[in-house]
1. Contact list please: Cβ distance under 6 Å, first residue in region 105-134 and more than 16 Å from L46 (Cα to Cα), second residue part of a loop (DSSP other than H, G, I, E, B), pairs at least six apart or on different chains.
2. Evaluate the following for A101: is it in a loop (DSSP other than H, G, I, E, B), under 17 Å from M121 (Cβ atoms) and out of contact with any helix residue (DSSP H, G or I) (no Cβ under 8 Å at 6 or more places or on another chain)?
3. Say we look at region 31-61 and pick out the residues that are touching a residue at least 60 places away in the same chain (Cβ under 8 Å), assigned to a loop (DSSP other than H, G, I, E, B) and of a type outside the set (D, E, K, R); which of these is surrounded by the most Cβ atoms within 10 Å (Cβ to Cβ)?
4. Would you mind stating whether A97 is under 27 Å from the mean Cα position of the chain (by Cα), under 23 Å from P35 (Cβ atoms) and touching a residue at least 60 places away in the same chain (Cβ under 8 Å)?
5. Among the residues of region 76-92, is any free of Cβ contacts under 8 Å to residues at least 40 places away in the same chain and under 14 Å from P34 (Cβ atoms)?
6. Residues in region 126-145: is at least one under 22 Å from the mean Cα position of the chain (by Cα), farther than 26 Å from Y36 by Cα and modelled with pLDDT under 90?
Amino acid sequence: MTRLSLFNSPLLLGFDHLEQMLDRVAKSSAEGYPPYNIEQVGPNGLRITLAVAGFTMDDLAVTVEDNQLVIRGKQKDDTEGRVFLHRGIAARQFQRAFVLAEGIEVRGAWLDNGLLHIDLMRPQPESRTRTIEIGKGAPGRRNGATTIVQGKPE
């Protein structure tokens, strides 16, 4: 099956990384386990909370890979010798990924009552001012510059 890409145009060169990020977002949004919340905590803070009941700290891993926050969970199989008449509690492994904007930092993570909390900080944008020198004449002829046409000075 051929995949239609918005970035297939020859006018959009160098946007491969953006296409890859959009693919990651589309792939991760199709997954429904574990459920999660994203909340704003303070003017520059975010918190992601995942419902990971039954997982211990040793069963979970939180990593940042190429501007992507990845949370993985894998429980140890402790069902030996147990007979289930009904098994409705999920005991499966998972991977949940969130694409992070440039500059967002992961501040910390903790597990509390079956909820994994991950704090993120959005840095304050710094105000930068740059003065541009205004020159005389046409471009290429400023300040005594010489324009070169086909290897010969003009």
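1. G114/A53
2. Spelling it out, A101 is indeed in a loop (DSSP other than H, G, I, E, B), under 17 Å from M121 (Cβ atoms) and out of contact with any helix residue (DSSP H, G or I) (no Cβ under 8 Å at 6 or more places or on another chain).
3. In this case the residue turns out to be V52.
4. So A97 fits the description; yes.
5. Looking for residues that are free of Cβ contacts under 8 Å to residues at least 40 places away in the same chain and under 14 Å from P34 (Cβ atoms), one finds at least one in region 76-92, hence yes.
6. The answer is yes, given that some residue of region 126-145 is under 22 Å from the mean Cα position of the chain (by Cα), farther than 26 Å from Y36 by Cα and modelled with pLDDT under 90.
Residues checked against (1) surrounded by 15 or more Cβ atoms within 10 Å (Cβ to Cβ); (2) at pLDDT 90 or above; (3) closer than 18 Å to A53 by Cα; (4) not polar (S, T, N, Q):
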position	(1), (2), (3), (4)
L69	yes, yes, no, yes
D78	no, no, yes, yes
R82	no, no, no, yes
F98	yes, yes, no, yes
G103	no, no, no, yes
D112	no, yes, yes, yes
M121	yes, yes, no, yes
Q124	no, no, no, no
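The values are calculated or read from the model by the stated rules, or taken from the named source; none is laboratory data. Because the structure is a prediction, the values reported are computed rather than measured. Here the Cβ is made from the backbone with ideal geometry for all residues, glycine too, and neighbour counts use every protein chain on show.
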